[in-house]
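A quick write-up on the structure given underneath.
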Amino acid sequence: MKIQFNDLAAQQRRIREDAERRIRAVLDHGKYILGPEVEELEEKLAAYVGVQHCVTCASGTDALLMGLMAQGIGPGDAVFTTPFTFIASAEVIALLGATPVFVDIDPHTFNLNPTELATAVGRVKEEGRFVPRAVIPVDLFGLPAEYDAIMEIAGGHGLFVMEDAAQSFGAVYRGRRACSLADLAATSFFPAKPLGCYGDGGALFTNDDALAETLRSIRVHGKGRDKYDNVRLGVNGRLDTMQAAVLLAKFEIFPAEFLAKQNVAAHFSELLGKLPEIVVPYVPPGMNSAWAQYSILSPRRAELQRRLSQKGIPSAIYYPTPLHRQPVFAGCGHSTEIFPVAEAVSEKILSLPMHPYLSDEQVCFIAETIGDK
Ligand SMILES: *Cc1c(COP(=O)(O)O)cnc(C)c1O
C-alpha cells in the first residue's frame, strides 16, 4: 500500500455519502451564495472553538487580510510576525501598505519567540519610523504559539493580536482551542489543512461583537444596510455554500481524525525519539497540536529525503526559504537582518507523512527507513 503524505482519498471514502447528500441539498435549494449551510457551519465552528462569532470567508489569506482591514492597518504601521511561515502571513501586511517586522522563532516550537517580540516592539518604537499596531503569531504545523506571553507583551503596548491558525484548527492551548487564543483568529480550509474543503475557504473567529459585524461588512464589499450601501472598503470574500456543505460533512469526523493524528504523532515520536540525529517535534505541556505537519530536524536532510523517496515515502520541506530572504520582501529593509534560528531550522526541517489514516505498520516502516543508515 502506497504511503500518502496526506490521504484525502481515504478521508473521502468515509464522508463521500454524507458530502454528496449535502451537495445535492445545495443543488436543490440553489442558494449558492451565503446559503443556509454557511450559517450552520459558522454556528457549529464557533461552538467548537468556544467563541461568540465565526465569520467564514473565501480563503485563509482573505481571513488574514480582512482581519487587518478591520483594524484599519495601513501605511506607516508595523505588524510583527514570524519569518518561518507561509508567505500569506506577511503578504497581507504588505498588501495593505503596512510594514512586516519579522521576529525570530523559538528553536523548540518553531513559533514566534515572545522575548524577541518584546525586543522588536521596543526597537520599532525607539526608531519611530513605524507605529507598532499588531502581531500575527502563527501556530506553525498545528502547534499554538505562546499566547500567554504574547498577549501580555501586546497588551503592554496596545497591540492587536490576530492568530494565524491556518494550520491549527482543533489544537489545544491550556484548556482552550486554537482560534480562541487572541483578539481575532484566522484559519484556512485549503484541502490539505486540518479541516479542509474541496477548494478554497477560510474563517475568522472572535468574541468581539463589533469586530464580527465589521468583518461581515468587509466580506461583502464593505456593505452597510445591504451590498449597494457601501460604508467602507471591502472585498468579495464569501465562502461558497458548496464548500460549507463539504465542510459540514468533514466536520462530523473531525474530532475522530484529530484523535487519530494524536496517536500517529505519539507513535512517530516514540520510535524516532530513539534515533541519535533526529529531533522530534516538541509539544509544550498543556498543548495539543493539530498536526498539520509532523516535522523533524535532521542534520543530513538531503540524504534522508533521498532514502525515504527510494522507499516510496513522500516528505516535504516547510519552509526552505524564511520570508525575510524572499525576493518580494527585499525592499522591506530586512535583507540585511539575520534571524539565526529561523535560518538554522529551515536548513534541517523535514515534514513526514501525517494523516489520520496512517497505519501502525506504515509508521513503523517510515521510522525504520529513517533509522537505517
Ligand atoms: C495555508 C496558510 C495560509 C493561507 O491560507 P489559504 O487558505 O491558502 O489562503 C496562511 N497562513 C498559514 C500559516 C498557512 O499555512
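The values are calculated or read from the model by the stated rules, or taken from the named source; none is laboratory data. Just so it is clear, the model here is predicted, and its values are computed rather than measured. For neighbour counting, all protein chains shown are included, and Cβ atoms are generated from backbone atoms with ideal geometry for every residue, glycine included. Each accessible area value is taken on the protein alone, full model and side chains, heavy atoms only, with ligands, DNA and RNA left out. Shrake-Rupley method; radii C 1.70, N 1.55, O 1.52, S 1.80 Å.
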Inset, instruction - All but one of (1) open to solvent by 10 Å² or more (accessible area, probe 1.4 Å); (2) at pLDDT 95 or above hold for Ala186, so report the exception by its number. - result: (1)
Inset, instruction - Could you look through region 237-274, keep only residues that are crowded, with 21+ Cβ neighbours inside 10 Å and of a type in the set (Val, Ile, Thr), and pick out the one that is farthest from Ala171 (Cα to Cα)? - result: Thr241
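Quick one: is Gly202 within 16 Å of the ligand (Cβ to nearest atom) and touching a strand residue (DSSP E or B) at 6+ places or on another chain (Cβ under 6 Å)? Spell out the reasoning first.
On the way: within 16 Å of the ligand (Cβ to nearest atom): yes; touching a strand residue (DSSP E or B) at 6+ places or on another chain (Cβ under 6 Å): yes.
For Gly202, the condition - within 16 Å of the ligand (Cβ to nearest atom) and touching a strand residue (DSSP E or B) at 6+ places or on another chain (Cβ under 6 Å) - is met.
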Inset, instruction - Inspect all residues belonging to region 20-30 and state whether any of them is in a loop (DSSP other than H, G, I, E, B), more than 21 Å from the chain's Cα centre (by Cα), over 27 Å from Phe141 (Cα atoms) and not aromatic (Phe, Trp, Tyr). - result: yes
Legend entry - Filtered residue count, region 58-81, keeping only those that are within 9 Å of the ligand (Cβ to nearest atom) and open to solvent by less than 10 Å² (accessible area, probe 1.4 Å): 2
Legend entry - Index of the failed condition, Val135 passing every other in (1) within 16 Å of the ligand (Cβ to nearest atom); (2) among the hydrophobic types (A, V, I, L, M, F, W, C); (3) open to solvent by 30 Å² or more (accessible area, probe 1.4 Å): (3)
Legend entry - His334, sole failed condition from (1) open to solvent by 40 Å² or more (accessible area, probe 1.4 Å); (2) at pLDDT below 95; (3) not basic (Lys, Arg): (1)
Inset, instruction - Being over 16 Å from Ala165 (Cβ atoms), within 15 Å of the ligand (Cβ to nearest atom) and buried (at least 19 other Cβ atoms within 10 Å of the Cβ) is the filter here, so list the residues in region 91-102 that pass it. - result: Ile93, Pro100, Phe102
Legend entry - In region 30-43, residue farthest from the ligand (Cβ to nearest atom) [restricted to those that are surrounded by fewer than 17 Cβ atoms within 10 Å (Cβ to Cβ) and charged (D, E, K, R)]: Lys31
Inset, instruction - Please state which one of Gly158, Gly142 is at pLDDT 95 or above and open to solvent by 10 Å² or more (accessible area, probe 1.4 Å). - result: Gly158
Inset, instruction - Tell me, yes or no, whether region 215-233 has at least one residue that is within 15 Å of the ligand (Cβ to nearest atom), over 17 Å from Ala46 (Cα atoms), of a type in the set (Ser, Thr, Tyr) and open to solvent by 30 Å² or more (accessible area, probe 1.4 Å). - result: no
